[in-house]
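Report on the following structure.
The values are calculated or read from the model by the stated rules, or taken from the named source; none is laboratory data. Here the structure is a predicted model, which means the values were calculated and not measured. Positions of Cβ are generated from backbone atoms using ideal geometry, with glycine treated the same way; all protein chains shown enter the neighbour counts.
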Amino acid sequence: MPDLEQFRADTRSWLEENCPETMRQPMMDESDMVGGGRKPTFKHPDQKLWMERMAAKGWTVPTWPKQYGGGGLDKHEAKILREEMSSLQCRAPLQGMGISMLGPALLEYGSEAQKLQHLPKIANGDIWWCQGYSEPGAGSDLASLQTKAEEKDDYFLVNGSKVWTSGADKADWIFCLVRTDNSGSKHHGISFLLFDMTSPGVSVKPILLISGRSPFCETFFDDVKVPKENLMGEQDKGWSIAKYLLTHEREMISGFGRGASKKFCETAVEAIGLEHGRLADPVLRNDIAKLELNILAFAKTMERVGDETKSGKGLGAASSIFKYYGTELNKTRCELMIDVNGEQAMGWEGDNYAGGHFSRTWLRSKGNSIEGGTSEVQLNIIAKRVLGL
Amino acid sequence: MPLVLNEEQEMLKSSAAGFLAEKAPVSALRKLRDDRDAAGFSRALWEEMSEMGWAGIAIPEAYGGLEYGYVGLGLILEEMGRQLSVSPLQSSVMVGASLINIGGSEAHKRTLLPAVAEGKLLITLALQEGLHHAPEKTALKAIASGDNFILTGKKVLVMDAHVADKIVVAARTSGNAGDAEGISLFLLDAKTEGLSRERVIMVDSRNSGNVVLDNVSVSKADLIGDLNGGMAILEQVLDIANACLSAELLGLSLQAYEATIEYLKQRSQFGVLIGSFQALQHRAADMFAELELCKSMVLASLQAIDNGEDNVSLMAAATKAKLCEVAERVTNEAVQMHGGIGMTDEFDMGFYMKRARVAQQTFGGYSYQLDRFASLNGF
């Protein structure tokens, strides 16, 4: 495939020329991520430069069609781009719910007008999206959501509240599950609305988490008017879109904690040292060996499922374990990270002890097995859908 | 190489499954046990298996084998695990033929491997001496005497000892027990003067045995590999054996697990199917996840062997550790979830639990493998 070889060479030289040196350093925390939006914040001017250069090529969303601001790459080309970016250690130029969640759903379920209105702005980083799913009374049981959207002449009148809305305080638009019909089963009567967060009646209150950060918010809707053309998919049938997106979200969350540049056991050896070639703390050595074994086995399983899909066998039942196993593994990893780094890892702020990096990461990981469907819900799903119990 | 079976491998797996379900199911093992069969396996069945090429599956074509690799052998062993089929495939092919192929001279390979591939010659390994698998602790002495070595000592837990034709004995030719250096491998005829064998009945009703050597004389020509260099050969063979035993453990775990899930859908208590209880559902779902990880590891480690990758030892140790952990859990849960019937000899589940524990321990159990995995990772 000479064309692909040419594509690889061109891609590499373009990346070498256009990816600033600072954007080839590993990301340390959330502040290194670029989310775009109407009022974007850039920690470093190179972040803006890198995002704009990639967006101009459509490579913030390489596989989306060109008419929607994407790169129009096929899967082989996209893989080459990923590989070359990873070998040069290029950071992701733009991240967020728009790219990873709403975009794919719009491509699948959106009208042509909606695609043309929203996708290019997502690709360019012009609009920051948030997701209105969970409610105070609808967490694991998401389908019992009650945020009401009454049908009026040319708009829906939305009243209710959402919780755990990621980045709602920074977001420009929201994709939101609302109830348009209460008469049938709880899965019927849910609709999928898109609206501007500056609409009159929308208010947002950040939630301070145990990690000391506020990545999530409470979001309130008080007589918010949403034009009817902002309904995505069919009215009352939004649950299928919701499920589609939950699958996406679970795949994303199951990857948390992966891609760390250094193996866990290497960090442990640096922190604790060896005695006669073995980690000096024998109890911890045992726990770390179990963790490394499961990290390896989980990675091999992701690889196997990927290879099975590529070989045309379809997505096997094994994929149902990713969210559950990946998040539980990450929680174990974070607990051990604290043990390995000792009491210093409990530092909270200031210049000492990594400025609370370990403790905050550890605390944040507790949410992994709650958000996007708890571990218990995941086990229920495996028991019912895979095992037929 | 993608982590997925190709069409040919899929066919081998399904034909092995069909053959074994018909000819070598658990009831055949039960019969061998109840009849106190003298050989401990069916020679007629072994002949059939050999005719299909199984005895030569991992042996190079140049020496009469199929050269199908260890992925192929693993697939057969996985299906044997499902049926608990008994045969000398592990003693003579997984271990014996691998030893000769890796460590033997050209003459050894030419004279021995074709006969193994035909199923007419059984070669086993006599390694363990103490309570636990610890090859470097080999103490059985081999003392040079002219062109010969004189071997004296006792080996335990030798697979198929009483039916083997040849026995490869690991012996110490220099250094002390505990040294990796100084171990040599000798090929002995099972009927050699001074060698006595005692069959030992194990909990899994399979052939094991003790081998006692009393001033047994062996020629230098019967050294497998270099003098004092046996450990390097043993390590490679043990990696292969542990990856293959993991395949067997995978098969038996999957079978025990699937039977248990079926039982949860049939057994009623308190007026409902017990599979509707969340306490059982969550344990079943968690085991499902662990078994998926096991499948990936078994295939990855067997592929690593066939591709000659440099991480074979690490993969084999990791895979065996994972399979020991999961097979133990799954077989325990299978008995627990079946309730009283799981405790009866009449029901097959006990056979699965018994075989699992023996296969787990063979060539190093969970703690041995996890420790090895950590060491190979540099900690």
Can you pull out every residue in region A:216-236 that is surrounded by fewer than 19 Cβ atoms within 10 Å (Cβ to Cβ) and assigned to a loop (DSSP other than H, G, I, E, B)?
A:Glu234, A:Gln235, A:Asp236
Residue match in region A:271-285 (condition: of a type in the set (A, V, I, L, M), under 17 Å from A:Leu329 (Cα atoms), modelled with pLDDT of 95 or more and out of contact with any Phe, Trp or Tyr (no Cβ under 8 Å at 6 or more places or on another chain)):
yes
Restricting region A:31-49 to residues that are modelled with pLDDT under 90 and outside any loop (DSSP other than H, G, I, E, B), the residue that is surrounded by the most Cβ atoms within 10 Å (Cβ to Cβ)
A:Asp32
Members of region B:338-364 found to be crowded, with 16+ Cβ neighbours inside 10 Å and among the aromatic types (Phe, Trp, Tyr), listed by number
B:Phe351, B:Tyr352, B:Phe363
Residues in region A:115-164 that are assigned to a strand (DSSP E or B), closer than 23 Å to A:Ala92 by Cα and polar (S, T, N, Q): how many?
1
Looking at (1) of a type outside the set (Ser, Thr, Tyr); (2) more than 29 Å from the chain's Cα centre (by Cα); (3) within 10 Å of another protein chain (Cβ to nearest Cβ), can you tell me which one A:Lys310 breaks?
(2)
Write out, first by first residue and then by second, each pair whose Cβ atoms fall under 9 Å of each other, whose residues are 6+ apart or on separate chains, and whose first residue, in region B:90-103, is under 10 Å from B:Leu234 (Cα atoms) and not assigned by TED's automatic domain parsing to the domain that holds B:Ser184 while the second is charged (D, E, K, R) and modelled with pLDDT of 95 or more.
B:Gly103/B:Asp226
Checking A:Met197 against (1) over 26 Å from A:Ile381 (Cβ atoms); (2) surrounded by fewer than 16 Cβ atoms within 10 Å (Cβ to Cβ): exactly one of these is not met. Which one?
(2)
Suppose we keep only residues that are facing chain A (nearest Cβ under 9 Å) and closer than 19 Å to A:Glu328 by Cβ within region B:271-282. Which one would you say is surrounded by the fewest Cβ atoms within 10 Å (Cβ to Cβ)?
B:Gln278
Inspect all residues belonging to region A:318-334 and state whether any of them is surrounded by 21 or more Cβ atoms within 10 Å (Cβ to Cβ), charged (D, E, K, R) and more than 14 Å from chain B (Cβ to nearest Cβ).
yes
Residue count for region B:218-235, restricted to those that are closer than 23 Å to B:Ser313 by Cα and not in a loop (DSSP other than H, G, I, E, B)
8
Residue list for region A:163-194, filter: more than 21 Å from the chain's Cα centre (by Cα) and either surrounded by 21 or more Cβ atoms within 10 Å (Cβ to Cβ) or under 13 Å from A:Ala149 (Cα atoms) (or both):
A:Val178, A:Arg179, A:Thr180, A:Asp181, A:Asn182, A:Gly189, A:Ile190, A:Ser191
Only one residue in B:Ala327, B:Ala279 is more than 20 Å from B:Arg372 (Cα to Cα) and assigned to a helix (DSSP H, G or I), so which one is that?
B:Ala279
Suppose we filter region A:335-388 for residues that are part of a helix (DSSP H, G or I), under 30 Å from B:Leu280 (Cβ atoms) and not aliphatic (A, V, I, L, M); how many remain?
8
Output the residues belonging to region A:1-13 that are surrounded by fewer than 15 Cβ atoms within 10 Å (Cβ to Cβ) and in a helix (DSSP H, G or I).
A:Pro2, A:Asp3, A:Leu4, A:Glu5, A:Gln6, A:Ala9, A:Asp10, A:Ser13
Region B:188-211: number of residues that are among the charged types (D, E, K, R), within 21 Å of B:Leu121 (Cβ to Cβ) and touching a Lys or Arg at 6+ places or on another chain (Cβ under 7 Å)
1
Residue that is of a type outside the set (Asp, Glu), buried (at least 22 other Cβ atoms within 10 Å of the Cβ), in contact with a helix residue (DSSP H, G or I) (Cβ under 8 Å, 6 or more places away or on another chain) and over 21 Å from B:Gly364 (Cβ atoms), where the choices are B:Ala170, B:Ala126, B:Ala117:
B:Ala117
Go through (1) at pLDDT below 95; (2) in a loop (DSSP other than H, G, I, E, B); (3) not small (Gly, Ala, Ser) and name the single condition A:Glu108 misses.
(2)
Would you point out which residue out of B:Leu151, B:Leu213 is more than 22 Å from the chain's Cα centre (by Cα) and within 26 Å of B:Val358 (Cβ to Cβ)?
B:Leu213
Being more than 20 Å from the chain's Cα centre (by Cα) and either facing another protein chain (nearest Cβ under 10 Å) or among the aliphatic types (A, V, I, L, M) (or both): is that true of B:Ser268 here?
no
Scan region B:347-379 residue by residue and report those that are within 14 Å of chain A (Cβ to nearest Cβ), free of Cβ contacts under 8 Å to residues at least 24 places away in the same chain and not charged (D, E, K, R).
B:Ser367, B:Ala374, B:Ser375, B:Gly378, B:Phe379
If we scan region B:177-189, do we find a residue that is in the same structural domain as B:Met349 (by TED's automatic domain parsing) and surrounded by fewer than 17 Cβ atoms within 10 Å (Cβ to Cβ)?
no
Residues of region A:271-307 being facing chain B (nearest Cβ under 9 Å) and either of a type in the set (Gly, Ala, Ser) or part of a loop (DSSP other than H, G, I, E, B) (or both), which ones?
A:Gly277, A:Ala289, A:Ala297, A:Ala299, A:Gly306
Counting just the residues of region A:50-97 that are in contact (Cβ under 8 Å) with a residue 24 or more places away in the chain, part of a loop (DSSP other than H, G, I, E, B) and over 19 Å from A:Ile127 (Cα atoms), which one comes out farthest from the chain's Cα centre (by Cα)?
A:Leu88
Identify, please: which residue in region B:291-324 is farther than 16 Å from B:Ala247 by Cβ and in a helix (DSSP H, G or I) and is, among those, nearest to the chain's Cα centre (by Cα)?
B:Ser313
B:Asp37 passes all but one of (1) more than 20 Å from the chain's Cα centre (by Cα); (2) more than 14 Å from chain A (Cβ to nearest Cβ); (3) part of a helix (DSSP H, G or I); (4) acidic (Asp, Glu); which number fails?
(3)
